[in-house]
Amino acid sequence: TGKETANAYAASSALAKQIESGAPADIFISADLDWMQYLADRKLITEGTEVRLLGNALVLVAPAASTAAVTIAPGFDLAGLLKGGRLAVADVKAVPAGRYAKAALQKLGAWQGVENRLAQAENVRAALKLVSAGEAPSGIVYRTDAREDENVKVLDIFPTDSHPPIIYPAARLAASSNADAGAFLQFLKSPAALDVFRAHGFTIPGD
């Protein structure tokens, strides 16, 4: 109690690569299972410590002043919604938010209409900023990120069956020598911590 943590925020892909390169860290929280598995395959997490901590939702956003309206469903006209602009997304090849977005658009039949009209960003917050600043007419981000920016509004939520489940695993890193790391990971799973996550719009697996 009373101890502070030093937090590093970036795309899960970037953080995993930094850890692989030897960046010092004690706990890794990924926005998908793949990047946690990437580190596990390289023996860089402590076996038996991984927990599926949080969940989230994927949303379509527009600038707060936008008059756009759309219902996300198979065959919906996302290209028409853009009106010649670009769709802001995180990197669809590496960043979890971008990969979830691509999967959803493919499942809904909207990918082909927008794949050449993407504004890809290095992480989901950067994609959100493109919409917030009015540089993109729409974007795909996590619900939790959209809630934190009063300059955007949610047009609709992507159906949960349109993309792989959004799961945030957490684990202790094998290189960690911090005696408090285990206790902090346990705290992240505690009712008090989970209540804070819920308050910010995350879901909790098992709820």
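Within the straight-line cut-off of under 14 Å between alpha carbons, the aspartates and glutamates reachable from LYS153 are ASP145, sequence neighbours fewer than 8 places apart in one chain being disregarded. Dipole magnitude for segment 1-78: computed about the Cα centre from +1 point charges on Lys and Arg Cβ and -1 point charges on Asp and Glu Cβ, it is near 100 debye. Partners of LYS43 within straight-line reach, counting lysines whose Cα lies under 30 Å from its Cα and excluding those fewer than 8 residues away in the same chain: LYS3, LYS17, LYS93, LYS102, LYS189. Matching the structure-derived Cα Rg over 2.2 N^0.38 Å against the labelled list (1) 1.03; (2) 1.21; (3) 1.07 gives the label (3).
Beta-bridge orientation, segment 56-207: approximately 60 percent antiparallel, per DSSP, counting only bridges with both partners inside. Between the alpha-carbon centres of segment 104-158 and segment 1-28 there is a gap of 25 Å. Note on TRP111 and GLU20: the extension gain reaches 29.5 nm, defined as 0.36 nm multiplied by sequence separation minus the Cα-Cα distance. Taking trypsin sites (Lys or Arg not before Pro) as exposed when DSSP calls them loop and at most 11 other C-beta atoms lie within 10 angstrom, the chain has its longest site-free stretch at 94-207.
Dipole orientation for the chain: of the candidates LEU185, ILE29, PRO96, PRO96 has the Cα lying most toward the positive pole (charges on Cβ; Lys, Arg +1; Asp, Glu -1).
Taken about its Cα centre, segment 90-201 carries a charge dipole of about 240 debye when Lys and Arg each add +1 at the Cβ and Asp and Glu each add -1 at the Cβ. A DSSP coil position with no more than 11 other Cβ atoms inside 10 Å describes the following chymotrypsin sites (Phe, Trp or Tyr not before Pro) in segment 1-109: TYR9. With a simple spin-label model that places each label point 7 Å from the Cα along the Cα-to-Cβ direction, the separation between ARG147 and GLN186 comes to 2.8 nm. All other residues whose Cβ lies under 14 angstrom from that of ALA73 are scored, Lys and Arg at +1 and Asp and Glu at -1, for a net of -2. For segment 1-119, the square roots a ≥ b ≥ c of the C-alpha gyration tensor eigenvalues yield an a/c of 1.5 or more together with a/b exceeding b/c, which makes the shape prolate. Below 10 angstrom from the Cβ of VAL89, what's the summed charge of the other residues (Lys, Arg +1; Asp, Glu -1)? Value of the local net charge: +2. Taking the Cβ of ASP195 as the center, what net charge do the other residues with Cβ under 13 Å away carry, scoring Lys and Arg +1 and Asp and Glu -1? With Lys, Arg at +1 and Asp, Glu at -1, the neighbours total +1. Converting phi to 3J(HN,Hα) with the Karplus coefficients 6.51, -1.76 and 1.60 and the offset θ = phi - 60°, segment 167-174 yields 10, 9, x, 10, 7, 7, 7, 4 Hz in sequence order, with x at every glycine or proline.
Every read-out reported here was derived from the displayed coordinates using simple, explicitly stated rules and does not represent laboratory data. On a predicted model such as this, the values are computed, not experimentally measured, just so you know. Don't worry about glycine lacking a Cβ; one is built from the backbone with ideal geometry, like all the others, and counts go over all protein chains shown.
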